[in-house]
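Have a look at the structure below, then the notes.
The values are calculated or read from the model by the stated rules, or taken from the named source; none is laboratory data. Treat the numbers as computed from the prediction; the structure is a model and nothing was measured. Cβ sites come from the backbone with ideal geometry, for glycine too, and all protein chains shown count toward neighbours.
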Amino acid sequence: MNNKIKAAVAGAVLASASVANAGITWDAGEWTVDMNGNVNAFAIFSSADNSSAATGSIASTQNAIDADKDSVSISTGLLPSWLGFTATTRQNDIDTSVTISFQPGAGGNAALQGGGNTENRQAFLTFGDKSWGSVKIGKDLGIFGSTAILNDMTLLGVGGTGGTVGNGAGALGTQQGGTTTTLGGIGTGYLYADWKGQIAYTTPNMNGLSATLGVTQPWNATGAAGVSDGSSGTTDAPAFEAQVSYSWTGDFAGKVWLGGFSQEVTGIGATNASEDATSVEVGVSTSIYNINLVAYGYSGEGVGTTGMLVHGFDDSGEARDSDGGYVQATYVIPMGTKLGVSYGVSKLDDTTADGANNVNIVKENNRLTVGAYHPLTKHLNLVAEYSHVESESHLSTQGTAEQDIMSVGAILFF
C-alpha cells in the first residue's frame, strides 16, 4: 500500500483532524472543515461446506438445509462506505476539533429495505496541544486492537465474511447493531476494536514514542441463544484500555506496539459470578523497499473471541481463555500493484463445564487470504481477493466448517 493510500485509509477510519491527511477542506470563519471518506463495493462469491458449524464459527454456512451452499452478494467490504466531517480550530493555545461520520452499507437481500443499513460510528471531540498531548471524548474506534485492524491488508477488501454474505451481515451483526460490513481478519487473528464511547488521553510524540490511555464504555458478556454459556453479564465499572507504540523512519521503517484491556464483569451466568476480562497484545509492522511485514498476537481471559466479551464465559461464570494472531506479507511490484498474503488464527479454550455439558463452542477459527490491490489512480484501488476460512468445534463429532470466498471490486477514497 503506498503512502497516499495509507493516509486515506487512516483518514477514513479515524477521521484524522490533521490537515496533512485531509480530504476536501474549506474555511468557515475560525474553523477549517474537512470532508473525507470512501465508497467501496465488491462482488462476493462464497462456497460453504458442512452445515453443522459450532457456535462462534466464522466459516458458517449460508444455509443450514444445504451442507454445500454457494451464494453471491454485492456488498461493502471490511471498511464501510464512509462520509466524515471534521471541524478544527485553535483558540486560547488549544487545538480543538469535532468529528461526526456516517456509514451507509451496500448490502441487503430483502425488498423494501433500501438495500442496506446505515451506521454512525463516530461522534467525538478532541482538545490539546503538541506540547502536552490531546484528550478525546465521545464515540470512536476502541484503543485495544485498533492498530491490528489498521495494519490488516483486507481493510481495503473483504477477507472473511462471517457466513451470511447474502445480506451483508457478519458474525457480529447483533453486537454491532446490524453491521453491513464483512469481517476481514476480525475473529481470525485479532479481536474487534469496535466503536465505543470513551475518554482517552494521548501523549505528545516523544521522538517516535507515544501512548494512549482511556476509559471506555463497558460491554456486556454475550453468548448466543440456545447455547450454554455465560451470557447477560453486566458491569458497574468502565473498561480500561491502553496502547504504547514506538515508530521509526528511514529505509527500514516500522512500528511496534503493546496494548492492554481490562474490564470487571458481574452477574455472569447462572451463578451471577463476578470476574475480570483481561487481554494483552503485541505487534510489529516493518517496511523495507517495497516489502511490508506484519506480525501480531494477543492473549486473553474472559474476552472471548471475534467480538470483545463474546463467548468469554461459560454457564457457571468461569472465564474461557483465548489467544490468536496473524502474520502478513505484502509486496508492491513495479507497476504499483500490491500483492499480499495473510494468515490468521483465533483460538478459544473450553472449560470443564463446557466439556461436561458437550457445549458446541468453536475451538479455532483460521483464515488464509491472498489479495491484489491495484491503485488505478492515487484515490481509486481495484481489489481482488481469495480467502479460505475454517472453523473447528471443541466437539470431536462436530467436524470442521469451511468456506471459500472470492471477491472483486473497487474502493475510492477522497
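Report, by residue number, each residue of segment 120-141 that is of a type in the set (Gly, Ala, Ser) and either in contact with a strand residue (DSSP E or B) (Cβ under 9 Å, 6 or more places away or on another chain) or under 28 Å from PRO104 (Cα atoms) (or both). Across segment 120-141, the qualifying residues are ALA123, GLY128, GLY133, SER134, GLY138.
If the condition is being among the aliphatic types (A, V, I, L, M) and in a strand (DSSP E or B), then segment 319-342 contributes ALA319, VAL327, ALA329, VAL332, LEU339, VAL341.
Against the conditions (1) modelled with pLDDT under 95; (2) farther than 30 Å from GLY84 by Cα, ARG367 satisfies every one except (1). Criterion applied to LEU368, LEU382 was being free of Cβ contacts under 8 Å to residues at least 60 places away in the same chain and under 22 Å from GLY324 (Cα atoms), and the one residue passing it is LEU368.
Would you check if there is a residue in segment 388-396 being small (Gly, Ala, Ser), at positive phi and part of a loop (DSSP other than H, G, I, E, B)? The answer is no, given that none of the residues of segment 388-396 is small (Gly, Ala, Ser), at positive phi and part of a loop (DSSP other than H, G, I, E, B). Note on segment 253-286: residues that are acidic (Asp, Glu) and out of contact with any Phe, Trp or Tyr (no Cβ under 8 Å at 6 or more places or on another chain) amount to 2. Being outside any strand (DSSP E or B), over 19 Å from the mean Cα position of the chain (by Cα) and loosely packed, with under 15 Cβ neighbours inside 10 Å is a description that does not apply to ALA253.
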